[in-house]
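Since every read-out is calculated from the coordinates, none of them should be taken as a lab result. Note that the structure is a prediction, hence the values are computed from the model and not measured. In this analysis, Cβ positions are derived from the backbone assuming ideal geometry, glycine residues included, and neighbour counts consider all displayed protein chains.
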Amino acid sequence: MKNLFIALTLVAISQSITYIQLQGQFFSEWIKNHPFLVSLVGVPISYLLIEYTKRSADYFDGAVWPGRLIGFAVGIIAFAVLSNVIFNETLSAKTIVCICLAAAIVAIQIFC
């Protein structure tokens, strides 16, 4: 269970940093004007994702698909939440359904 908690934390952090790295150009002039420097943030993101993958595979007895699906779903959830918080984008019915589907993917991988 410890590996699962650590894995979920790592993927949530990495997905959030990735969001800021990619969407930052729309709310930060510095990020917009320094794309090469911002791209260097990809190194620690990659390290976090490597650690996430290791922890996830450990939790799921070596299987890599559950971690991939969870990473995808957590990315969807992080993107929706951060878009709402940073850009004040409202959650449409379509987006809410997608968030619910992403949460279902996580729940299926963990509990089934």
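Using only Cα atoms, find the angle between the long axis of helix 42-59 and the longest principal axis of the chain, and express it within 0 to 90 degrees, rounded to the nearest 10.
The angle comes out at about 20 degrees.
For the chain, what is the calculated [θ] at 222 nm in deg cm²/dmol (nearest 500), taking -39500 (n - 2.57) for each run of four or more DSSP H residues and dividing by its residue count?
Details: 6 runs with 92 residues, N = 112.
Roughly -27000 deg cm²/dmol at 222 nm, from the helical runs in the chain.
Please report the relative contact order for the chain, taking Cα pairs under 8 Å with a sequence separation of at least 6, and give it as a percent rounded to a whole number. Please list the in-between numbers first.
Values: 92 pairs, mean separation 34.4, N = 112.
For the chain, the relative contact order is 31 percent.
Counting other C-beta atoms within 10 Å, and keeping those with at most 15, which DSSP coil GluC sites (Glu not before Pro) do you find in the stretch 1-96? Mind dumping the intermediate values first?
Numbers: sites: E29, E51, E89; in loops: E89.
Listed in order of number, the matching sites are E89.
Once R0 is set to 25 Å, what does the formula 1/(1 + (r/R0)^6) return for the Cβ-Cβ distance between E89 and L40, expressed as a FRET efficiency to the nearest 0.05? Each step should come with its number before you reach the end.
Details: r = 28 Å, r/R0 = 1.11.
Computed FRET efficiency for E89 and L40 comes out at 0.35.
Relative to the longest principal axis of the chain, what angle (0 to 90°, nearest 10) does the C-alpha long axis of helix 65-87 take?
The answer is roughly 30 degrees.
I need the shape label for the chain. Rule: rounded when a/c is under 1.5, else prolate if a/b > b/c, else oblate, with a, b, c from the alpha carbon gyration tensor. Spell out each step's value before the answer.
On the way: a/c = 3.18, a/b = 1.32, b/c = 2.41.
Because a/c hits 1.5 or more and a/b fails to exceed b/c, the chain counts as oblate.
Where does helix 93-111 land angle-wise versus the long Cα axis of the chain, in degrees 0 to 90, nearest 10?
40 degrees
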